Amino acid sequence: MRIGLFSDTYLPDINGVVSSTVTLQKALEKNGHEVFVIANHKGLLHTEREGNVLRLPGVELKWLYGYIMSSPIQLSAKEEIRQMNLDVIHVQTEFGVGIFARIVAKELGIPIVYTYHTMYEDYTHYVNLFDIDEVDKVAKKVTGSISRIISDGCDAVIAPSIKTKETLLKYGVKSPIHVIPTGLDLKKFNPANIDAEAVQALRQEYGLGADNKLMIYVGRIASEKSIDVAIRGFVDCAKANKHYKLMIVGGGPDLDELKELAKQCGIEDSVIFAGKKPSEEVPLYYAMADAFVSCSLTETQGMTFIEAMAAGLPIFVRRDEVVEDLVEEGVSGFYIEEDTFSLKAMAYFECDEKVKQKMSQKAMEKVQKYDSDIFYASIMDVYEEAIATYHKTYLIKKVRIKDDCAELTLVDNQKDEFTVLVSVEDYFAFELKKDGIVHEATLDELQKREVVLKQYIRCIKRIALKARTRREMYDFLIKEDVLDIKQINEMIERLEDEGYINDDAYLADQVDKLLLSTDSKKRIIHQLTSKGLPYEKVAKAFENVDDEKEKEKAERYAHKNFDHIKGKSVYMKKQTLLRQLTNKGFSFDIAKSVVESLNYDEDKKMEKENLDRAIEKEIRRYSKKYEGKKLKNAILKSLIRKGYNSDDVLLMIEEKGIDNE
């Protein structure tokens with residue numbers, strides 16, 4: 001396989017990205033693949049080619065660790081890359097060379113894989129110079145958006161840790177994400193493979209004798225690495241024993257500031273700043289140390305943690321997801337904070353040598369899974385999947401605007417047609433167009449998004465017919481049984497963000513309407529809370545509805561229904577109204593007061609006529625079954641139950657000549 005590794009940083013630079021790129025390069029070459037590295041150099045005009053390494057011209061940014069920024073427009077280099085006939089492009093960085101890689105991949109039709117090495121949201125302090133919360137929030141949101149756009153433009157994304165994958169998912173990345181810890185050539189850090197004499201000479205160079213115990217940090221000297229926490233935390237240890245030393249290996253913008261901090265803490269003689277070292281010397285520095293420390297919480301994987309453990313060093317670190325599989329407290333390392341570092345460091349320095357040897361062995365065992373051979377096999381699986389997926393393509397035959405979306409008609413290799421509905425945002429984000437090509441991975445993603453899009457359209461149409469609460473829309477989506485819980489929650493949040501759902505506005509609107517209705521306060525509160533509105537808010541909205549206003553509503557309802565109750569005795573009419581009012585949620589006292597206040601004069605005038613009709617009806621009902629006295633008693637009981645006066649009933653029964661015998 002012919003593979004292009006694109007990176008803005010490469011040898012002789014020393015950092016985690018370079019280490020990962022070089023490890024991958026060597027592993028691929030070891031297994032017979034041809035690897036091309038496309039990086040950059042400090043030159044404004046010409047590309048440089050040395051074997052399979054092509055360097056693009058760039059400008060050195062001294063304020064950013066000497067980072068070299070290249071233009072993504074490289075016409076001559078593009079032709080050289082065309083001639084490399086690459087099967088896959090693997091991007092290691094985001095800007096300059098990284099952008100150029102994405103342009104080349106698109107124009108030459110090459111699948112692209114991207115490793116997300118840097119947790120950019122932990123670096124926003126570089127643009128937030130005055131430590132303003134709002135600026136930091138905006139900066140973090142921007143880094144998330146950029147990370148999502150970059151990741152979704154690739155056929156596969158590699159995350160060095162579960163922590164990194166979860167961050168990318170939080171950003172909304174939809175491309176396939178594979179968790180593959182960056183591999184290392186563990187053998188070069190193994191103490192058995194280190195020149196003992198060279199280690200001893202190095203210790204002597206720094207004035208370290210047999211009595212000295214050394215805690216070492218290796219990495220970039222920058223604020224996000226929290227080296228200040230380690231220095232302050234080491235104070236008690238250094239003051240307790242002058243033979244205990246802390247060595248800081250690396251370079252960076254905070255070097256002078258940390259030297260001053262060590263001086264302010266009164267331990268400048270116990271903290272050794274070794275400076276930046278070539279990568280081939282780093283194993284010697286690990287070998288002369290007794291333990292490793294890093295207080296950083298910004299690692300995507302923590303390569304120096306793994307290097308140190310491969311060198312047999314227990315590690316002293318703060319709790320973070322990236323070290324959960326590495327640190328077993330007191331077995332392979334220690335969890336620390338600033339106030340516990342000295343205590344745990346002294347306890348370790350003073351413990352039995354057999355305990356130290358056991359911890360050293362356990363540390364080495366913990367990192368065996370990061371061996372470069374395992375790393376290589378995992379990377380190859382991603383390459384093969386990306387290539388296989390990329391070369392299954394579909395032609396966009398037709399584009400039709402529909403419901404503010406774009407309906408694509410696609411044609412596969414067998415000339416079969418099918419449609420996919422995409423949002424306008426996705427139409428432009430995925431750079432779709434008539435007669436364009438869609439790769440299978442992209443199609444899979446578009447079809448997943450189509451399911452969500454169609455549900456979104458259904459929600460909008462449902463809300464357009466009638467305003468809905470958050471609960472009502474949530475229940476609707478659950479009943480639809482199309483989206484999973486995470487997607488449903490995201491959909492509800494989107495509808496709220498876009499103003500389609502607003503429970504506070506819904507409540508305010510309902511208050512105005514329901515105050516004019518004939519529903520009781522109790523019934524209204526029940527109706528609204530059953531829609532998912534908080535009881536406290538609903539009750540507060542109606543707290544000004546007192547008994548007098550309740551009585552007014554009850555009177556409106558009673559008057560509205562009064563004339564609809566016909567053919568009943570006055571007593572039964574009152575009972576019917578009373579029942580209706582209490583069913584509407586009005587209190588019994590208010591309902592009774594309202595019922596008694598109504599004018600029943602007309603009903604009383606009609607009562608004899610109503611009774612006459614009622615008796616005739618009961619005669620027809622019971623005469624087939626009874627006669628004489630039994631018929632009379634059956635009619636009497638029935639009409640008394642309906643609220644008629646017994647004397648009136650008896651008198652009318654006699655008038656009708658029903659036999660009493």
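The values are calculated or read from the model by the stated rules, or taken from the named source; none is laboratory data. Note that the structure is predicted; figures quoted are calculated from it, not measured. We place every Cβ from the backbone using ideal geometry, glycine too, and count neighbours over all the protein chains shown.
If you filter region 445-463 down to residues that are touching a residue at least 40 places away in the same chain (Cβ under 8 Å) and among the charged types (D, E, K, R), you find that the one that is nearest to residue 395 (Cα to Cα) is 445.
Residue by residue, here is whether (1) surrounded by fewer than 19 Cβ atoms within 10 Å (Cβ to Cβ); (2) touching a strand residue (DSSP E or B) at 6+ places or on another chain (Cβ under 8 Å); (3) farther than 23 Å from residue 432 by Cβ holds:
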position	(1), (2), (3)
74	no, yes, yes
77	no, yes, yes
86	no, yes, yes
89	no, yes, no
96	no, yes, yes
103	yes, no, no
108	yes, no, no
111	no, yes, no
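Scanning region 362-380 for residues that are buried (at least 19 other Cβ atoms within 10 Å of the Cβ) and within 28 Å of the chain's Cα centre (by Cα) turns up 370, 375, 379.
Only residues that are surrounded by 17 or more Cβ atoms within 10 Å (Cβ to Cβ), farther than 22 Å from residue 521 by Cα and not hydrophobic (A, V, I, L, M, F, W, C) were counted across region 544-573, and they come to 3.
Among residues of region 135-150 being exposed (fewer than 14 other Cβ atoms within 10 Å of the Cβ) and under 14 Å from the mean Cα position of the chain (by Cα), the one that is modelled with the lowest pLDDT is 141. Restricting attention to region 537-557, the residues that are assigned to a loop (DSSP other than H, G, I, E, B) and of a type outside the set (Asp, Glu) add up to 3. How many residues does region 1-29 hold that are of a type outside the set (Val, Ile, Thr), surrounded by fewer than 20 Cβ atoms within 10 Å (Cβ to Cβ) and either in a strand (DSSP E or B) or in contact with a Leu (Cβ under 7 Å, 6 or more places away or on another chain) (or both)? Adding up the residues that qualify gives 1.
Only one of the numbered conditions (1) crowded, with 17+ Cβ neighbours inside 10 Å; (2) in a helix (DSSP H, G or I) is violated by residue 327, and that is (2). In region 383-409, the residues that are touching a residue at least 24 places away in the same chain (Cβ under 8 Å) reach residues that are among the charged types (D, E, K, R) and assigned to a strand (DSSP E or B) with C-beta atoms within less than 7 angstrom, at least six apart or across chains, in these pairs: 397/417. Condition check: touching a residue at least 24 places away in the same chain (Cβ under 8 Å) and part of a strand (DSSP E or B). Does residue 292 satisfy that? Considered against the rule, which asks whether it is touching a residue at least 24 places away in the same chain (Cβ under 8 Å) and part of a strand (DSSP E or B), residue 292 comes out as yes.
Of all the listed residues (58, 32), the sole one being farther than 18 Å from residue 102 by Cβ and either at pLDDT 70 or above or assigned to a helix (DSSP H, G or I) (or both) is 32. Residues in region 266-289 that are of a type in the set (Lys, Arg) and assigned to a helix (DSSP H, G or I): 0 in all.
When region 286-316 is filtered for residues that are among the hydroxyl-bearing types (Ser, Thr, Tyr) and either touching a helix residue (DSSP H, G or I) at 6+ places or on another chain (Cβ under 7 Å) or on the phi > 0 side of the Ramachandran plot (or both), the ones remaining, listed by number, are 286, 294, 296, 298, 300. Taken as a whole, the structure leaves residue 441 outside the set of residues that are within 24 Å of residue 530 (Cα to Cα), part of a helix (DSSP H, G or I) and small (Gly, Ala, Ser). Given the criteria of a type in the set (Lys, Arg), surrounded by fewer than 16 Cβ atoms within 10 Å (Cβ to Cβ) and under 28 Å from residue 443 (Cα atoms), does residue 397 qualify? It is true that residue 397 is of a type in the set (Lys, Arg), surrounded by fewer than 16 Cβ atoms within 10 Å (Cβ to Cβ) and under 28 Å from residue 443 (Cα atoms). Find all pairs meeting these conditions: Cβ atoms under 7 angstrom apart; at least six residues apart or on different chains; first residue within region 227-255 and in the same structural domain as residue 204 (by TED's automatic domain parsing) and crowded, with 20+ Cβ neighbours inside 10 Å; second residue modelled with pLDDT of 95 or more and of a type in the set (S, T, N, Q). Hits for this filter: 233/342; 234/342; 237/342; 238/270; 244/270; 245/212; 245/270; 246/270.
I'd like to check something: does region 384-392 contain any residue that is β-branched (Val, Ile, Thr), in contact with a strand residue (DSSP E or B) (Cβ under 7 Å, 6 or more places away or on another chain), under 30 Å from residue 491 (Cα atoms) and at pLDDT 85 or above? Taking every residue of region 384-392 in turn, none turns out to be β-branched (Val, Ile, Thr), in contact with a strand residue (DSSP E or B) (Cβ under 7 Å, 6 or more places away or on another chain), under 30 Å from residue 491 (Cα atoms) and at pLDDT 85 or above. Looking only at region 146-195, which residues are polar (S, T, N, Q) and under 16 Å from residue 91 (Cα atoms)? Within region 146-195, 147, 151, 175, 182 qualify. Reported count of residues in region 493-515, each being under 33 Å from the mean Cα position of the chain (by Cα), part of a helix (DSSP H, G or I) and surrounded by 18 or more Cβ atoms within 10 Å (Cβ to Cβ), is 4. Counting just the residues of region 257-280 that are acidic (Asp, Glu) and at pLDDT 95 or above, which one comes out surrounded by the most Cβ atoms within 10 Å (Cβ to Cβ)? In this case the residue turns out to be 268.
Please verify whether residue 125 is closer than 27 Å to residue 141 by Cα, modelled with pLDDT under 90, surrounded by fewer than 21 Cβ atoms within 10 Å (Cβ to Cβ) and not basic (Lys, Arg), treating the condition exactly as stated. The answer is yes for residue 125.
Matching residues to (1) touching a residue at least 24 places away in the same chain (Cβ under 8 Å); (2) farther than 18 Å from residue 249 by Cα:
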{"residue": "275", "(1), (2)": "yes, no"}
{"residue": "284", "(1), (2)": "yes, no"}
{"residue": "305", "(1), (2)": "no, no"}
{"residue": "329", "(1), (2)": "no, yes"}
{"residue": "339", "(1), (2)": "yes, yes"}
{"residue": "347", "(1), (2)": "no, yes"}
